[in-house]
Amino acid sequence: MRALRSALVAVAVLALLAGGATVAIARSTPTLVAGGPISVAGTEASAVFQVAERTVRQIRYADGGTLRYTFSLDNDSRLPVTVLGLDEDRADPRLFGLAGLTRRTIGAGESAEVTLSLKMGGCETLSSRAGSFVTSIGVRTRQAGIFEDVVEVTLPEEIHTGSPREAFCPNSTATSRPPG
C-alpha cells in the first residue's frame, strides 16, 4: 500500500511539474519580428532611402487619407500567436493616427503578412515641413487562447511624412499653424 501511495505521489508531482512547464512556455512574452517584403497604399508617392543604418520610407502626406503599410510579421515564439490589434494606450505621432492592424493568428516559427493602417491628419497644428515618424508599434497579442501581452515591434522601415504647405492642408488657418 505504501509503495502504491508513493507511486501516486510521484505521478502527481510529475504531472504538476509538466503542467507548470507548459504554463511557463505559454506565459513567455511572444517574440515578433517585422520584415519585408513591404508594400504601401493610400499615398500618391513614397520613396525609400538610407540614413546611416536607418531605412526611412518617406510618404507624401494626404490630409484625411489612410496609409496602408503592409509587411511580414515573424513569430519566433514556441506557440501560435494571435495578433489582436494595436496597443490602444500608446500616443499617436503628430501627423499619423494609428488606426488598425490586421488581426490574424501566426503559427509558431511562421510568418504572416499584416497591414498597419495610419490615418493622416493634424497638419493644421504644425508648421509646414515639420515631420512625423513611426518607427515601432505596440502589438496586442494572445497566446494559448488566454494569455494577453503587448509586444513592441520595430517596423522594417521608419515611416516618415512631412506637414505640407498651406495649400495642401485644407483646415489650416492663419493662426492655426505656428510659424516655421
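The values are calculated or read from the model by the stated rules, or taken from the named source; none is laboratory data. All of these numbers come straight from a predicted model, not from anything done at the bench. For neighbour counting, all protein chains shown are included, and Cβ atoms are generated from backbone atoms with ideal geometry for every residue, glycine included. Remember, those area values only see protein heavy atoms, side chains included, never the ligands or the DNA or RNA. Shrake-Rupley method; radii C 1.70, N 1.55, O 1.52, S 1.80 Å.
Within the range 44-55, is even one residue open to solvent by less than 20 Å² (accessible area, probe 1.4 Å), of a type outside the set (A, V, I, L, M), assigned to a strand (DSSP E or B) and touching a residue at least 40 places away in the same chain (Cβ under 8 Å)? The answer is no; no qualifying residue exists.
Just the residues that are within 19 Å of V114 (Cα to Cα) and either hydroxyl-bearing (S, T, Y) or part of a loop (DSSP other than H, G, I, E, B) (or both), please, taken from the range 66-89. Answer for the range 66-89, where residues must be within 19 Å of V114 (Cα to Cα) and either hydroxyl-bearing (S, T, Y) or part of a loop (DSSP other than H, G, I, E, B) (or both): T66, Y69, T70, S72, D76, S77, L79, P80, T82, D87, E88.
Within the range 67-76, the set of residues being open to solvent by 20 Å² or more (accessible area, probe 1.4 Å) and farther than 12 Å from A34 by Cβ comprises R68 only. I'd like to verify a number: residues in the range 100-114 that are touching a Lys or Arg at 6+ places or on another chain (Cβ under 7 Å), surrounded by fewer than 16 Cβ atoms within 10 Å (Cβ to Cβ) and assigned to a strand (DSSP E or B), how many? Qualifying residue count for the region: 1.
Just checking, does the range 135-144 include any residue being open to solvent by 30 Å² or more (accessible area, probe 1.4 Å) and outside any strand (DSSP E or B)? Taking every residue of the range 135-144 in turn, at least one turns out to be open to solvent by 30 Å² or more (accessible area, probe 1.4 Å) and outside any strand (DSSP E or B).
Consider E157 carefully, then state whether it is buried (at least 16 other Cβ atoms within 10 Å of the Cβ) and in a strand (DSSP E or B). Don't jump to the end; show me each part of the working.
Numbers: buried (at least 16 other Cβ atoms within 10 Å of the Cβ): yes; in a strand (DSSP E or B): yes.
Yes: the conditions hold for E157.
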